[in-house]
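The values are calculated or read from the model by the stated rules, or taken from the named source; none is laboratory data. Just so it is clear, the structure is predicted and the values come from calculations on it, not from any experiment. For neighbour counting, all protein chains shown are included, and Cβ atoms are generated from backbone atoms with ideal geometry for every residue, glycine included.
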Amino acid sequence: MANKLKVDFHTHTADDPQDYIAFSSLELIDKACSLGFDALAITNHDAVTFSPELERYAGERGILLLPGAELTLSHKHVVLINPEPASLPEIRELEDLARIKNESNLIIAPHPFYPGFKCLWSKLEEHISLFDAVEYSFFYSRWINRNKRAVDVAREHRKPLVGCSDCHNIWQVGFTYTLVEAEKNIPSIIAAIKGGKAEVVTSPLSLGMMMRVAVNFGLGDRLKIHLRV
């Protein structure tokens, strides 16, 4: 019988080419280890942060590292788990996902109904057949929750929900994650998500925490721009 694995499918680290992140990939792996995670995907923007050394570092700490990236397609964000690196330069539009979608990868709609031009909004339902799962984002409180529509769309179209931290601050890890009924390997985890064998585990943030995320995110964007200059 398969175990229930604690997994985060959407995270960012200092290797992200677009956002300023204060912690390294090694620090994220250490944090995930301390919280009892079994598997983790580092999904930096338009970049795959994965190497034999990083995979080995994670494995030594009991964590299965999943290759992944948060791609920008048709100016919208899409999380792709276990991509074929050779195929990434060919993907520019949401419609291109149809060419690369297969049983070996996992296509997730991240934070689809949150404010922001890069969130999917109506594009999610327009292209719902291209997605394997819909994200339940950590960024909500008891009074403000942009995940509600995502839950409705997932139910209507019979898509599984996956809980993710989308961490830009390392303290975000662990508030929202996914329990996946699978063996501890990439094909089993992907097949389990596609088969709906997933459970979102989540705790709402306080309003103070939400403000902290919003402020840090804004400052991080400006700092990244400054560092580029």
Given the conditions (1) buried (at least 16 other Cβ atoms within 10 Å of the Cβ); (2) on the phi > 0 side of the Ramachandran plot, every one holds for residue 46 apart from (1)
Exactly one of 120, 80 is assigned to a loop (DSSP other than H, G, I, E, B) and among the aliphatic types (A, V, I, L, M), and that one is 120
Tally the residues that are in a loop (DSSP other than H, G, I, E, B) and closer than 22 Å to residue 92 by Cα, restricting the search to the range 44-77.
9
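Matching residues to (1) among the aliphatic types (A, V, I, L, M); (2) under 25 Å from residue 192 (Cβ atoms):
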| position | (1), (2) |
| --- | --- |
| 14 | yes, no |
| 17 | no, no |
| 34 | no, yes |
| 49 | no, yes |
| 75 | no, no |
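Count, please, the residues in the range 139-156 that happen to be part of a helix (DSSP H, G or I), among the small types (Gly, Ala, Ser) and in contact with a Ser or Thr (Cβ under 9 Å, 6 or more places away or on another chain).
Of the residues in the range 139-156, 1 are part of a helix (DSSP H, G or I), among the small types (Gly, Ala, Ser) and in contact with a Ser or Thr (Cβ under 9 Å, 6 or more places away or on another chain).
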If you check every pair at least six apart or on different chains, which have Cβ atoms under 7 Å apart with a residue in the range 126-145 that is farther than 30 Å from residue 104 by Cα first and a residue that is aliphatic (A, V, I, L, M) second?
140/205; 141/205; 141/207; 141/210
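Given 180, 173, 162, which one is farther than 24 Å from residue 115 by Cβ, modelled with pLDDT of 95 or more and buried (at least 19 other Cβ atoms within 10 Å of the Cβ)?
On the way: 173 fails: farther than 24 Å from residue 115 by Cβ; 162 fails: farther than 24 Å from residue 115 by Cβ.
After ruling out the rest, the residue left standing is 180.
Take residue 98 and tell me if it is at pLDDT 95 or above, aliphatic (A, V, I, L, M), outside any strand (DSSP E or B) and closer than 17 Å to residue 11 by Cβ.
Values: at pLDDT 95 or above: yes; aliphatic (A, V, I, L, M): yes; outside any strand (DSSP E or B): yes; closer than 17 Å to residue 11 by Cβ: no.
No; evaluated as a whole, the condition is false for this residue.
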Looking only at residues that are assigned to a loop (DSSP other than H, G, I, E, B) and not hydrophobic (A, V, I, L, M, F, W, C) in the range 1-15, which one is surrounded by the most Cβ atoms within 10 Å (Cβ to Cβ)?
10
Got a number for residues in the range 86-113 being more than 20 Å from residue 187 (Cα to Cα) and crowded, with 18+ Cβ neighbours inside 10 Å?
6
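With the structure loaded, tell me whether residue 118 is touching a strand residue (DSSP E or B) at 6+ places or on another chain (Cβ under 8 Å), farther than 28 Å from residue 75 by Cβ and either of a type in the set (Asp, Glu) or surrounded by 14 or more Cβ atoms within 10 Å (Cβ to Cβ) (or both) or whether it fails that test. Show your work before the answer.
Values: touching a strand residue (DSSP E or B) at 6+ places or on another chain (Cβ under 8 Å): yes; farther than 28 Å from residue 75 by Cβ: no; either of a type in the set (Asp, Glu) or surrounded by 14 or more Cβ atoms within 10 Å (Cβ to Cβ) (or both): yes.
So residue 118 does not fit the description; no.
I'm checking my understanding of the structure. Among residues of the range 16-43 that are assigned to a helix (DSSP H, G or I) and free of Cβ contacts under 8 Å to residues at least 40 places away in the same chain, which one is surrounded by the fewest Cβ atoms within 10 Å (Cβ to Cβ)? Working first, answer last.
To start, the set of residues in the range 16-43 that are assigned to a helix (DSSP H, G or I) comprises 25-34.
From what's left, free of Cβ contacts under 8 Å to residues at least 40 places away in the same chain: 25-26, 29-30, 33-34.
Working: 25: 24, 26: 15, 29: 23, 30: 17, 33: 16, 34: 11.
Only one residue tops the list, namely 34.
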